[in-house]
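None of the figures in this text is laboratory data; all of them are computed from the coordinates on show. Everything numeric here is computed off the predicted structure, so don't read it as measured data. Every residue, glycine as well, gets a Cβ built from its backbone with ideal geometry; the counts of neighbours run over all protein chains shown.
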Amino acid sequence: MASKVKLGAVVTVVVALGAMLAIGFTFVENANPYVDVEQALANTGDGLHLLGSIDKKSVHSNPLQREISFDLVDAKGKTMHVDYHGEAISNINEADKVVAVGHVKDGVFLSDKLNIKCPSKYEDKRPDAGKPA
Amino acid sequence: MLEAAAHQHWPSAPAWAVDAGILGKTLILLALAFFLTSILGWALPKRTRLMEVAAKWGFVLGGVMLFGAFICLGTLFANDQFEYTYVFSHGDAETAMKYKIAGIWSGQQGSFLLWACTSSIFGIFAARKAGIYRRWFTVAYATFLGMLCGILAYETPFEMARLHGQALLPPQGAGLTASLQNYWVTIHPPTIFMGFGSLTVAFAFGLAAMFTRNVVDWVPLVRPWVILSTAILGLGLCMGGFWAYETLGWGGFWMWDPVENVSFVPWIFSATLLHGLIVQVARKRWYSGNLAMAGLPFVTFCYGTFLTRSGFLGDASVHSFAEMNRVALWILAVFVVLGTLGYYGVYAFLGARLAKMVSGPDDAPARGVNREGLYLSGVLLLSGLSAAVAIGMSVPFFMSLANQKPKAVEEWLYHRVVVWFFVPVLIMMGLAPFVSWRKMGWLQLLNRVLNVIFLTIGLLGCVLIAIKFAPGAIAIDQSQRIPFPLKLWAPLVPWMLVLISVCLFCLVANVWRIVETVRRAPFSVGGFIAHIGVATLMAGLIISRGFEHRERVDLQEGDVASALGYTITFRGMSNQEEQGVFQRDNKALFEMDSKDGGFTARPGLYYEISSDEQLKPIVWPHVEHMPTYDIYFSLNPPVLDVDDPQSIPAGGTSELAKGEIKIKYNGVKREGQPGKVGTKFIANLDIAVTGADGVVRTHHAEPSMEITPNGIAKNQAPVDDQLAVTMEGMNVGQGSAMIQMHFTRAIYPIDLYYKPMTILVWLGAGVTALGGVLAALYRRPAKTAPEREDVAA
């Protein structure tokens, strides 16, 4: 009986550890990378998370088409043009930093999801306007 | 921070406010002193009666001091004392009192003070009933509260901004961001912080049980607190979801954002512990497991708080996290590490051994099924769910520890992982109440739940009929597919039916059990009610998101559009005063008519002047709750301009709206003397517009810029009945002009969502909380247990 219980416990622990490892692996493998402009240009994949600040003068928004285009400046100071087409975003002018999700085509970053970071004064709420994919 | 130029006219800060700040700081230091007294008083092996009294009262008085500090901060907020940096950053003189109060917990320091206060409430009440565990319970609890006091002393909300050594009172603070000004900001944070505060009880009890060397009798004492904690934290989580739903404009409740996960992980661990305790009470087993689990909710919450405040998730979250003062962050980090190592160190060296000595024999039958087995599976699944989310949340942290490029774990990925836990958990929640603690064959179990299965199938049929004849003329697209693991695609409707049937099974099973037991023990049904609530909530989330239907319309003032079976007419603004659109309570009114009746959608719309003098529209969605569905009316900022201003050289052309509008700029002529009032510059434009009928019509327009005593006026010129044009500027050197095309009537882009059965989400949350509170009341200790350790056998 005792050996049976121990075997059961060992199996449970092994299965649980295996499951956790598998989950961790799934998360890391499927998670999308954050990139800067240089890395975005070198990367052919979709779901890139391009992080940077918006050059406010370059913002060009067409709410009727749910389109916004702007120049994004990354931490190294490199600029890339972003064409966003997706959920309407009303607070683009408040945005401090953005994460544009998408891929690069002909040197332009085509994005269908835009996460806006506003200089929020209350940290517990997201000033996000893009609906998750 | 505070503008140097403007401060000359500011009055001095009132003396009482200066004193209130000093008092606040002092109270926090006093609280720290009281907690230290309490720790010392209880921890010393040889204690006099006096020391014990001092230790007891030190713990209570420490809590009272914290509340005093909270009241000081609240008073400063209520009276707009912006000479304090924290009040300046989060307060607003012109806003309603509820938002002034919400300012208290809008930032780092205030939310830590709130956490300390809510924790101490639970500590004080739980300590009174802690019996033989009171000594070590208080030591552990006071250590934690003392640590919070330490953080609050370093990062105090009572920091005054002095200009040239003077305390001056600025007239206005920065205030809450517009998007946060919603009644939930007053309700949700205190509720969820009550939940966070309650998590400390199980942790301190677990430690106390091990130090007191009695891992048996703590269970009935801690159990009601764990139930209460699960109920309150769950309610807080739901409120956060409602808040997101009502204000964020995409109509979702949950998106697995780090801040949500930080609350979700301890909540699930709390629910896990609660079920483990049930087994210990009923079967006199799982002593070791429960001791291990008791630390998890609190430890994971502290870890999550550290993660979100540390800046590791800075790039990985859409939240803007205020990074903590480094010293305060180090205190928190050291506490997380010490708390975890300390708890599990004591567990490894003491707790596990103590548990082994008292654990009952495993007399479960080898064949068939028993409730303990199902609870074990349930506990493993819940722990797995919680651990999975914790892993997902930590990916950016782990990757930066490993010097890897950070990665983003998105909502869809969480869904794909957690569904494997949710489905079996819901089935367990339906099955477990039917299984007895003793031997039971699988056939016997099947026999017991057969009625439930039949009822579930029957109800599923009703759901099918409802889908077929969905109200509001919304047909569900049968061909829709959703992504599945292994790059497979599942047809939406069957997959939804699987998920719904699982929820239905859990719901029916627990209703069945209530009917069976309510006569025998009417107050024992709290757990079943909570299960019903969870199943209802899950069903609501699944149905409202899965069968969501969206249409987009662009509605021009005075026009009529139709979407989702409604005829939509724009009726104007609710605030008819001049400048009414600058009032925060202004609503845009849309008449929504359908053959089944109608309503007026009142999405919020007002304008602010931004710091760069631009007109900034702020919009709020309108949610119309119907019995079987919600109409979610998301208004986007009105569009007045066709595009950005175009710079056109003389004789040149510019195309807008994908070539449907072509502007030819022929040049400018001047009327009057340059620089004199009354002088006009008139642009000569030919504008070709492609109409809806495909015919191109060319219009001549002459917008002008005129020098007036008040500056330059831009005179708009009509183009046709839809369009008008202005000249925004000109460059004499280059001979170009800035031309702006406008719509004569604003266009309102609207996203309209049909969300079926959203009511279940609200109902489920309420029922879960009700069940939790009932269960907590039912399991409250009947009488105060003996207090002195030597009473214990």
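Please report how far the C-alpha centroid of the stretch B:638-713 lies from that of the stretch B:509-539, rounded to the nearest whole angstrom.
Here the two parts' Cα centres lie 70 Å apart.
If the limit is 31 Å between Cα atoms, which of B:K407/B:K468; B:K25/B:K405; B:K100/B:K616; B:K662/B:K714; A:K113/B:K664 go over it?
B:K407/B:K468; B:K25/B:K405; A:K113/B:K664
Give, in nm to one decimal, the length gained when the segment between B:F523 and B:A282 is fully stretched (0.36 nm per residue of separation minus the Cα-Cα distance).
Difference between extended and current length: 85.0 nm.
Given only helices, namely DSSP H runs of n ≥ 4 each adding -39500 (n - 2.57), what is the per-residue ellipticity at 222 nm of chain B, to the nearest 500 deg cm²/dmol?
Calculated at 222 nm, the ellipticity per residue is -17500 deg cm²/dmol.
So what's the net charge close to B:P674: Lys and Arg +1, Asp and Glu -1, counting the other residues with Cβ under 14 Å from its Cβ?
Value of the local net charge: +2.
Percent of alpha carbon pairs in the stretch B:651-734 separated by more than 15 Å?
Counting every Cα pair in the stretch B:651-734, those more than 15 Å apart make up 61 percent.
Just to confirm a number: summing +1 for Lys and Arg and -1 for Asp and Glu over residues other than B:M393 whose beta-carbon lies under 13 angstrom from that of B:M393, what do you get?
So the surrounding residues net to -3.
Taking each full run of DSSP H in chain B as one helix, which ones are at least 18 Å long along their axis (Cα atoms) and have mean Kyte-Doolittle hydropathy of at least 1.6?
Span-like helices in chain B: B:15-43, B:326-346, B:442-468, B:492-517, B:759-778.
Using the per-residue mean of other Cβ atoms lying within 10 Å as a proxy for protection, in what order, highest first, do the peptides B:504-513, B:211-220, B:686-695, B:586-595 fall?
Ranking, from highest mean packing down: B:504-513, B:211-220, B:586-595, B:686-695.
If you count, for every residue in B:238-246, the Cβ atoms of partner chains within 10 Å of its Cβ, what is the mean?
Partner-chain Cβ atoms within 10 Å, mean over residues of B:238-246: 1.
Which of the lysines could be linked to B:K356 by a straight reach, that is with a Cα gap under 21 Å, when you skip same-chain ones fewer than 8 residues away?
Cross-link targets: A:K4, A:K6, B:K284.
In terms of the ratio Rg/(2.2 N^0.38 Å) built on C-alpha atoms, what value belongs to the protein assembly as shown?
In units of the globular-protein estimate, the protein assembly as shown measures up at 1.06.
Using the alpha-carbon centroid of each, what span in Å lies between the stretch B:96-125 and the stretch B:415-475?
Comparing the Cα centres of the stretch B:96-125 and the stretch B:415-475, I get a distance of 41 Å.
Take the Cα coordinates of the stretch B:159-229, assign each an equal point scatterer, and use the Debye formula without solvent to give log10 I(q)/I(0) at q = 0.14, 0.15, 0.24, 0.27 Å⁻¹.
-0.68, -0.71, -1.04, -1.12
Could you tell me the distance between the Cα centroids of the stretch B:750-781 and the stretch B:234-284, to the nearest Å?
When both Cα centres are located, 12 Å separates them.
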